[in-house]
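Data first, discussion second: the structure below is written as structure tokens.
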Amino acid sequence: MKKILFVTSEAYPLIKTGGLGDVCSSLPKALTELGQDVRVLLPKYPSLKTVGEVRFLCSLRIDNHPITIFETTIPDSPVIAWLVDCPDLFNTLGNPYLDEQGLPWANNADRFTLFCRVAVEVAMDKVNRDWRPDIVHCNDWQSGLVPALLSLEIDRPKTVFTIHNMAYQGLFPVQSIYSLNLPGQLWNPNGLEFYGMLSFIKGGIAYADRITTVSPSYALEIQTPAFGYGLEGLLAHRSDDLVGIINGIDTNEWNPETDPYIAQRYNVHSLHEKQFNKSELQRRVNLPVNEHVPLFGLISRLVEQKGIDMVIECLPDMVDLPMQLVLLGNGDKDFEQRLQNLAHLYPDKIVIIIDYDESLAHLIEAGADVFLMPSRFEPCGLNQMYSQRYGTIPVVRKTGGLADTVVDTLPETLNNNSATGIVFKEANAGALLEAIKRTMLLYHNHDTWRQLQTNAMHRDFSWRSSAEQYIALYHSI
Ligand code: ADP
Ligand code: GLC
């Protein structure tokens, strides 16, 4: 059994902006179920949604900021969460990283440096809780300084750094190294310096004992210039310590047999009942209720990564086909506007919901026939796995975790019952449209479609084997 301090900036349902939040609660749960002693450390944002008891654990002071650590559990689980409360810096409601205009909070460097410093105090048990982790497992740039700072400690725990997305690096002007009062030894081209900027993610990549990322394909991709954002050289240099472990999903949270958010529960043996969710979804979003027209769903942060520009380019051609689309997402204001303009032009075909809505996300997974995920890059991606579990056939681009989790429909994959979706290669609207047309043909072949749904629903996306890989990794350090 290992003691693991799991450091993250989000954990569902306490706080979530995307897949990081899902993974940073479902992985600690899976590790706990496999007998590990886990503490999840995250900031106590004012918008954090705790349930049940939150009790005082300890207090400390760093750089003159009074800090309190509270203890609670991740709701509906035995996993202990330690919440770092520093009202001086974490005092804003809403998104943990961005202000109302969608710009990073001006004091992000201060906020997450402080959070990392607290993680180091806890890791070294300077908070006197009589709990010293064997492993400190950090996630993404917000906790990237932890392996760097811990590298300066004698008799420190081992460190693992998981990259969920190379596109977010935590880059700040060079002056920050002084204003943040970071140790000078860390400031060099092999350390936190990145072309004259302070890089948080480099703290993880350069100093952690092991680096992981969230799919085997992405582990290879980030060692190339197209996906490495300038860090491909360092990642290739560290390739012996770098491994891709595919994310699992929370199979209790995303289960069509028990899902409280959907209109009609179903399983692989009662697939005909999925239909009720389709009509409920059509009603809910004001689309014509029609059993036979294929209904496409898309749930996403509206950012470049997700191929939203390709979807926008494709839509005028898509609407010539007999189909409907429900898109739920928010993010880039320009994407939001352009999508809404298109929805106004084709109100009986396209519905765009600019919102973040956990329960509608479940109904879309259950009610749609097809799930669109044409990402330009995708470290892992969760929705394509949720979709398969709900018998909703994913259309994905062959990249990162999408390539690792969806099997294209080809004569041989139909023959051996491995086909679960439609996979296309090129990152352009033409290739996406071709894939959509291919999907429409398959959809109208009832037997083949049922076979795809059945294959998809039989896939095991639970955390068990991936969590076991993490435990083996902890033991190997
Ligand atoms: P990423 O982390 O890059 O955003 P993932 O596929 O790993 O992509 O995870 C996205 C998660 O966020 C999924 O659980 C998805 O359902 C959820 N999500 C994204 N946008 C929304 C939204 N607008 N409303 C509800 N859930 C959303
Ligand atoms: C990131 C990635 C996504 C991944 C998620 C959880 O947000 O964009 O692909 O599934 O992290 O690891």
Response to the item:
Going through the range 16-64 in order, the residues found to be within 16 Å of ligand 2 (Cβ to nearest atom), of a type in the set (Val, Ile, Thr) and either buried (at least 23 other Cβ atoms within 10 Å of the Cβ) or not assigned by TED's automatic domain parsing to the domain that holds residue 213 (or both) are 23, 40
Discussion item. Residue 214 - would you say it is more than 16 Å from ligand 1 (Cβ to nearest atom), buried (at least 20 other Cβ atoms within 10 Å of the Cβ) and modelled with pLDDT of 95 or more?
Written reply: no
Worksheet, complete the sentence: Taking the range 80-96 and keeping only residues that are assigned to a loop (DSSP other than H, G, I, E, B) and aromatic (Phe, Trp, Tyr), one is left with 90
Worksheet item: Any idea which of (1) closer than 19 Å to residue 380 by Cβ; (2) more than 14 Å from ligand 2 (Cβ to nearest atom) is the one residue 206 doesn't satisfy?
Response: (1)
Discussion item. Given the criteria in contact (Cβ under 8 Å) with a residue 60 or more places away in the chain and within 16 Å of ligand 1 (Cβ to nearest atom), does residue 222 qualify?
Written reply: no
Worksheet, complete the sentence: Considering only helices (runs of 4 or more DSSP H) wholly within the range 415-477, the ones with at least 2 residues that are in contact (Cβ under 8 Å) with a residue 60 or more places away in the chain and closer than 30 Å to residue 241 by Cα are 464-476
Worksheet item: Out of all the residues in the range 267-311, which are buried (at least 21 other Cβ atoms within 10 Å of the Cβ), in a helix (DSSP H, G or I) and touching a helix residue (DSSP H, G or I) at 6+ places or on another chain (Cβ under 6 Å)?
Response: 277, 278, 281, 308, 310
Discussion item. Being in contact (Cβ under 8 Å) with a residue 40 or more places away in the chain and more than 15 Å from residue 136 (Cβ to Cβ) narrows it down to one residue among 201, 211; which is it?
Written reply: 201
Worksheet item: Among (1) within 26 Å of the chain's Cα centre (by Cα); (2) at positive phi; (3) away from ligand 2 (no atom under 16 Å from the Cβ), which single condition is residue 149 missing?
Response: (2)
Item to complete: Would you mention how many residues in the range 363-375 are within 11 Å of ligand 2 (Cβ to nearest atom) and of a type outside the set (S, T, N, Q)?
Response: 1
Worksheet, complete the sentence: Only unsatisfied item for residue 226, checking (1) more than 23 Å from residue 9 (Cα to Cα); (2) outside any helix (DSSP H, G or I), is (2)
Fill in: Candidates 134, 125, 140 - the one that is in the same structural domain as residue 192 (by TED's automatic domain parsing) and free of Cβ contacts under 8 Å to residues at least 60 places away in the same chain
125
Fill in: Test: residue 402 is within 22 Å of residue 219 (Cα to Cα), in the same structural domain as residue 303 (by TED's automatic domain parsing) and in a helix (DSSP H, G or I)
yes
Item to complete: Give me a count of the residues in the range 312-333 that are in a strand (DSSP E or B), in contact with an Asp or Glu (Cβ under 9 Å, 6 or more places away or on another chain) and within 16 Å of ligand 1 (Cβ to nearest atom).
Response: 3
Worksheet item: So how many residues does the range 172-211 have that are part of a strand (DSSP E or B) and either within 16 Å of ligand 1 (Cβ to nearest atom) or surrounded by 18 or more Cβ atoms within 10 Å (Cβ to Cβ) (or both)?
Response: 6
Item to complete: Restrict the check to the range 347-357 and report whether at least one residue is within 16 Å of ligand 2 (Cβ to nearest atom), under 24 Å from residue 247 (Cα atoms), touching a residue at least 12 places away in the same chain (Cβ under 8 Å) and surrounded by 21 or more Cβ atoms within 10 Å (Cβ to Cβ).
Response: no
Practice prompt. Taking the residues in the range 358-386 that are among the small types (Gly, Ala, Ser) and assigned to a helix (DSSP H, G or I) as candidates, determine which candidate is farthest from residue 446 (Cα to Cα).
Written response: 359
Worksheet item: So, of the residues in the range 109-130 that are part of a loop (DSSP other than H, G, I, E, B) and among the basic types (Lys, Arg), which turns out to be surrounded by the fewest Cβ atoms within 10 Å (Cβ to Cβ)?
Response: 126
Discussion item. Condition first: farther than 18 Å from residue 286 by Cα and surrounded by 19 or more Cβ atoms within 10 Å (Cβ to Cβ). Now tell me which residues in the range 358-375 satisfy that.
Written reply: 370, 371, 372, 373, 374, 375
Item to complete: Hey, can you tell me all the residues within the range 157-167 that are crowded, with 18+ Cβ neighbours inside 10 Å, outside any strand (DSSP E or B) and within 16 Å of ligand 2 (Cβ to nearest atom)?
Response: 164, 165, 166
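Yes or no, residue by residue, for (1) more than 13 Å from ligand 1 (Cβ to nearest atom); (2) aromatic (Phe, Trp, Tyr); (3) under 21 Å from residue 208 (Cβ atoms):
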residue	(1), (2), (3)
2	yes, no, yes
12	no, yes, no
15	no, no, no
24	no, no, yes
38	yes, no, yes
46	yes, no, no
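The values are calculated or read from the model by the stated rules, or taken from the named source; none is laboratory data. Quick caveat: nothing in here was measured; it's all calculated off a predicted structure. A quick note on method: Cβ atoms are made from the backbone with ideal geometry, for glycine too, and the neighbour counts reach across all protein chains shown.
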